[in-house]
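Reviewing the structure listed below.
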């Protein structure tokens with residue numbers, strides 16, 4: 001289990017914060033795994049703010065699905081701890 005600190009654009013950040021968004025599609029450059037923890041940091045106008053939410057836990061991971069994801073990308077769901 002690893003902790004990933006990720007940035008999110010303001011609109012997406014707010015959706016995660018209020019519980020509407022519980023999935024992400026990301027470049028799989030971190031080798032995400034179920035059970036990994038996530039902290040999301042708000043980005044406003046291209047600048048990372050000090051505001052963060054989490055931790056969240058990856059509950060489901062989808063990768064290497066050639067019919068729906070670009071090469072090197074993954075989709076995962078997460079829940080608040």
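The Cα atoms of the chain cover 35, 27, 22 Å along the three principal axes, with the biggest extent listed first. Here the sum of -39500 (n - 2.57) over DSSP H runs of 4 or more residues, divided by the residues of the chain, equals -2500 deg cm²/dmol at 222 nm, to the nearest 500. Where is the GNM fluctuation largest for the chain (alpha-carbon springs, 10 angstrom cutoff): 53, 43, 18? With Cα springs under 10 Å in the chain, the top fluctuation among 53, 43, 18 is at 18. For an R0 of 41 angstrom, estimate the FRET efficiency from the Cβ-Cβ distance between residue 67 and residue 44 and round to the nearest 0.05. Given R0 = 41 Å and the Cβ-Cβ separation, E is 0.70.
Note on the chain: antiparallel DSSP beta bridges, both residues inside, total approximately 70 percent of the bridges counted.
Relative contact order of the stretch 3-80, taken over Cα pairs closer than 8 Å and 6 or more residues apart, is 34 percent. Each peptide in 9-17, 60-68 was scored by the mean count of other Cβ atoms within 10 Å over its residues; highest first, the order is 9-17, 60-68. Among 48, 1, a tally of other beta-carbon atoms within 10 Å of each Cβ gives an order, fewest to most, of 1, 48. When the Gaussian network model of the chain links Cα atoms closer than 10 Å, the mean-square fluctuations of 42, 30, 22 top out at 30. With neighbour counts taken as other beta-carbon atoms within 10 Å, the residues 70, 80, 57 rank, fewest first, as 70, 80, 57.
A short reminder: the numbers here are calculations on the coordinates, not readings from a lab. Just so you know, these numbers come straight off a predicted model, no measurement behind them. Glycine gets a Cβ as well: all are built from the backbone with ideal geometry, and neighbour counts include every protein chain shown.
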